[in-house]
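Each remark here refers to the structure printed beneath this line.
FYI, it's all coordinate maths here, none of it is from the lab. The shown structure was predicted, so the numbers you read here are calculated from the model rather than taken from an experiment. Positions of Cβ are generated from backbone atoms using ideal geometry, with glycine treated the same way; all protein chains shown enter the neighbour counts.
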Amino acid sequence: MSYNIHPIVVHVPIVLLCIYSLIKIIPVKKWFPRVAWRDIELLVLVFGVLGALAALWTGDTAEHLYRPNRQLLEVHSTVATVATILYGLLLLGEIAAVKNLHYASAGSQYPVIKRSALLLEKIFMNTMFSIVSAIAALVALTLTGILGGAMVYGTTADPFAASILSIFGIQ
């Protein structure tokens, strides 16, 4: 017998990725300047993205165990994938930033890798880009949750579900 572990797996990455987005969006770094925010962001984002990948995988499994509204399922899956990609890009920037710290302190015998990491950091760690991406990813994550809740609990359980479903043209 197969079990649907998707509802168990999805909640941890949701929390972690929401925390990451809030750290990026809200000026907590200014309020608490002595906290190692880069380390916290990287840790939360790594486990959040890994959890999101696990949620995507378990979602594919859950899709075959249950037969929800196909149109709703497709939009839910697409928006979840978009959220995961956005957080993955932010993770790429965070990793590049950490690598650049390593390269700056140790020097690199691979200048191509060093230049690539600098470019990735410059693009993905740009303050405006990272804030806008964090907001977009949080919106996608929220929509994913609303659509998932609509599949499980129906459109009346969440006050936003009916509006979101009508925006996507889902019956």
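Summary table
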{"quantity": "Which of Met128, Met151 has the fewest Cβ neighbours within 10 Å, and the rest in rising order", "calculated": "Met128, Met151"}
{"quantity": "Inter-label distance for Met151 and Val112, nm, one decimal - labels placed 7 Å from Cα along Cα-to-Cβ", "calculated": "4.1"}
{"quantity": "Estimated 222 nm signal from helices in the chain, with DSSP H stretches of n ≥ 4 weighted -39500 (n - 2.57), rounded to 500", "calculated": "-27500 deg cm²/dmol"}
{"quantity": "Packing-based exposure ordering (other Cβ within 10 Å, fewest first) of Glu41, Glu74, Glu94, Glu63", "calculated": "Glu74, Glu63, Glu41, Glu94"}
{"quantity": "Cβ-placed point charges (K, R +1; D, E -1), dipole of the chain about Cα centre in debye, nearest 20", "calculated": "600"}
{"quantity": "Charge-dipole axis of the chain as Lys and Arg at +1 and Asp and Glu at -1 on Cβ define it, positive-most pick from Asn69, Pro7, Leu56", "calculated": "Leu56"}
{"quantity": "Rounded FRET efficiency, nearest 0.05, which uses the C-beta distance separating Ile25 from Asn4 and R0 of 41 Å", "calculated": "0.80"}
{"quantity": "Radius, Kirkwood style, for the chain when every pair of distinct Cα atoms is counted (Å)", "calculated": "17.5"}
{"quantity": "Proxy reagent accessibility, fewest Cβ within 10 Å first, across Ser133, Ser163", "calculated": "Ser163, Ser133"}
{"quantity": "Distance between modelled label sites at Phe168 and Ile40, nm, 7 Å Cα→Cβ extension", "calculated": "3.2"}
{"quantity": "Positive-pole candidate from Ile26, Pro159, Val112, dipole of the chain, charges at beta carbon", "calculated": "Val112"}
